[in-house]
Amino acid sequence: MSLPLDTIQKHFDLHPKPSTLQFQYGTAGFRTSASVLDSVLFRVGILAVLRSKKLDGKTIGVMITASHNPEPDNGVKLVDPRGEMLEASWEHHASTLANADTFGDFVEALELIIKSTKIELSKPARVVYARDTRPSGPALIAAFEDGLKAMGLKGRDEGVKTTPVLHYLVRCINTKGTKEEYGEDSETGYMMKLSSAFKKLVAGKPIPQPLIIDCANGVGGPTAELLSTYLGETLPLINLNTATKTLGALNNACGADFVKTTQRLPPSLSSVLKPGQRACSLDGDADRLIYYYLDERNQFHLLDGDKIAALVAAFIVELVKSAGLEGTIDVGVVQTAYANGASTKYLSERLPVRCVPTGVKYLHHAAEHYSVGVYFEANGHGTVLFSPSAMETLAGHIPSTPAQSTALNHLINLTHLVNQTVGDALSDMLMVEVVLAHKSYSGIEWDSLYSDLPNRLVRVVVKDRNIFKTEDAERRLVSPQGLQAKLDDVIKKYDGGRAFVRPSGTEDVVRVYAEATLRPQADELAFKVAGLVYDQSGGDPLTRPKEFL
Ligand code: 16G
Ligand code: MG
């Protein structure tokens, strides 16, 4: 069987590529201004069909979102059959297809992929797709569907869904009828799975004070509303920033990324949040979660991905011990270099911790090496993975005391509560609420597990970020040559000083992170390091942060 070239060309011509642009399938797929993505979406439609054929007709997921980016951006990423990110070796194929200039180049690229990955075109293909609430979504979906049509396929349109719901659906569809069946393949199935596990885990606990959710004016809004109806009074939720139809509102002065990067309360919450009350923010596609609270002096306190990892990992370790499974189930944590040094210290004193490069795919794969792997990025993206052997152990373990039996049941219910396919703000939120309920913690007590080291993140616009190359999980630079030695000289002058430099995978900038025991020192270190980076690489003077002009 060969490619239906006439049909492909008919559709291809409807989606011309902007001639001057180059696209890259980066850390989180293609992501840029929605106005230039039409041809990319069409081509991703074709690629998704090929990926499914390659995997014997297993269902591939496609999510159209630009997450926490501004509303005019959009993006697309592919989801592999178990609900995980697209296999890294295919990222290159995605970029090649997106960048082919003429129909001839495109066909040549397609044929190369088919040959090199040994795809049998006669195999069936299945694709499920969804989008977030961006206004550009419907037009991009139409371009994507043209890609499917060009290959003779009608996919399964899931409409507007969160990224983690789409990942969940992919895993459910592909495990249907097997012993690893993940759940019912519908949003209702997702809601039932999470809410029933949650209710079992908090049975007998007092009903907590209402939790405020900042939904970033994105797809998390309707999803949290729906979840709320399933949870009933077990968890009162106050959903704010749910204006998905207001132009320009998405991620604007709200959402997890705003809170984490500005270390401030979304202004829209300032008249609502009372001291001591806990609140959380989702990002634009609801795969990131950040908690926070105001103390009695109205001071803002952030409970980020590191704090979530510390809370959850320590709880799981306790349950494993109480269930009599210590030594049988090993719990480990995966972080990135952005994890606050205080969190790494807290966690390393309790369990194994690994550091990997930024990006969910790295964390996810590293977490798979533990029986229970907890992974979180400081920015609030993370989840818990229970390995197949841990699942078997839990299913087969015979508790010898009532206390062991309770802990075992909690662990089993946690496996249902957690979205094990990908970081999921709403599932993570329920997990946090379970731990808070069990520990009788308020935000303040949770926060006091350890004190964050003051830190500072700086973006530096440089001529060419590709000259920055890192090693040791992005903690050290190998290129430009000699720069790391200069950085080391600066860093060692600061008490508790730590800093690193890495090229962004999503923006054309270099990022600098610094922390130190005292706030002014952390700031100073960040700006010194950024200055060195700037000087080394000839950044644009207009964008040079004021502090080092
Ligand atoms: C992407 C990643 C996120 C990472 C961020 C870093 C996924 C799904 N998302 O959004 O995990 O923290 O990139 O961005 O992998 P940066 O490379 O621009 O710093
Ligand atoms: Mg996101």
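The values are calculated or read from the model by the stated rules, or taken from the named source; none is laboratory data. No experiment lies behind these values; they were computed from the predicted model shown. In this analysis, Cβ positions are derived from the backbone assuming ideal geometry, glycine residues included, and neighbour counts consider all displayed protein chains. These area figures cover heavy atoms from the full protein model, side chains too; ligands, DNA and RNA do not enter into them. Shrake-Rupley method; radii C 1.70, N 1.55, O 1.52, S 1.80 Å.
Before moving on, here are some points about what is shown:
- Value of D in µm² per second that Stokes-Einstein yields for the range 455-543, Kirkwood Rh from Cα pairs, at 37 °C (0.692 mPa s): 256
- 16 Å cut-off, amide nitrogen to a point 7 angstrom out along HIS369 Cα→Cβ, residues in the range 455-482: 472-475
- Solvent exposure of the range 186-331, expressed per residue, is 37 Å² of accessible area, with all protein chains present and a 1.4 angstrom probe.
- Rounded FRET efficiency, nearest 0.05, which uses the C-beta distance separating THR117 from ASP535 and R0 of 51 Å: 0.70
- Distant-in-sequence amide H partners of LEU211 (H built 1.01 Å from N, under 5 Å): LEU237, ILE238
- Förster radius 30 Å - calculated FRET efficiency between GLU225 and GLU184 (Cβ-Cβ, nearest 0.05): 0.90
- Accessible surface of the range 305-446 [probe 1.4 Å, protein heavy atoms]: carbon and sulfur percent: 55
- Couplings 3J(HN,Hα) of the range 260-271, computed from phi: 5, 7, 8, 6, 9, 6, x, x, 5, 9, 5, 8 Hz, in residue order, whole Hz [Karplus 6.51 cos²θ - 1.76 cosθ + 1.60, θ = phi - 60°; x for Gly and Pro].
- Taking amide H as placed 1.01 Å from N in the peptide plane, THR470 has its amide H under 5 Å from the amide H of VAL478, each at least 5 places away in sequence or on another chain.
- Table column - 3J(HN,Hα) (Hz), the range 393-406, Karplus curve with 6.51, -1.76, 1.60, x for Gly and Pro: 4, 4, 5, x, 6, 9, x, 9, 9, x, 5, 4, 5, 4
- The range 50-72 versus the range 18-34: alpha-carbon centroid distance in Å: 14
- Full-extension gain in nm, LEU5 to SER451, via 0.36 nm per residue minus C-alpha separation: 154.5 nm
- Amide hydrogen neighbours beyond the local backbone of VAL128, cut-off 5 Å, H modeled: ILE60, GLY61, VAL62, ARG156
- Cα coordinate range in the chain, projected on the principal axes (Å, largest first): 66, 61, 46
- Point-charge dipole on Cβ atoms (K/R +1, D/E -1) for the range 5-160, about Cα centre, debye to 20: 440
- Intensity falloff of the range 1-100 expressed as log10 I(q)/I(0), Debye formula with alpha-carbon point scatterers, at q = 0.11, 0.16 Å⁻¹: -0.33, -0.69
- On the basis of the beta-carbon distance and an R0 of 56 Å, SER196 and SER19 show a calculated FRET efficiency of 0.60.
- Cα centroid separation, the range 441-516 to the range 144-178 (Å): 38
- If the segment from VAL478 to LYS439 were pulled out straight at 0.36 nm per residue, it would be longer than the present Cα-Cα gap by 9.6 nm.
- A full extension of the chain between ASP508 and ARG459 corresponds to an added length of 16.7 nm, given 0.36 nm per residue minus the alpha carbon distance.
- Our coupling estimate for the range 517-529, obtained by passing each phi through the Karplus curve with A = 6.51, B = -1.76, C = 1.60 and θ = phi - 60°, is 5, 10, 3, x, 5, 4, 4, 4, 4, 4, 6, 5, 5 Hz, Gly and Pro reported as x.
- Working value for the range 305-446: equivalent-ellipsoid semi-axes of 23, 17, 14 Å, each the square root of 5 times a Cα gyration tensor eigenvalue, largest first.
- The range 188-303, Cα convex hull volume normalised per residue, Å³: 102
- Straight Cα distances below 19 angstrom link LYS439 to the lysines LYS199, LYS200, LYS205, LYS307, LYS321, with same-chain residues fewer than 8 positions distant left out.
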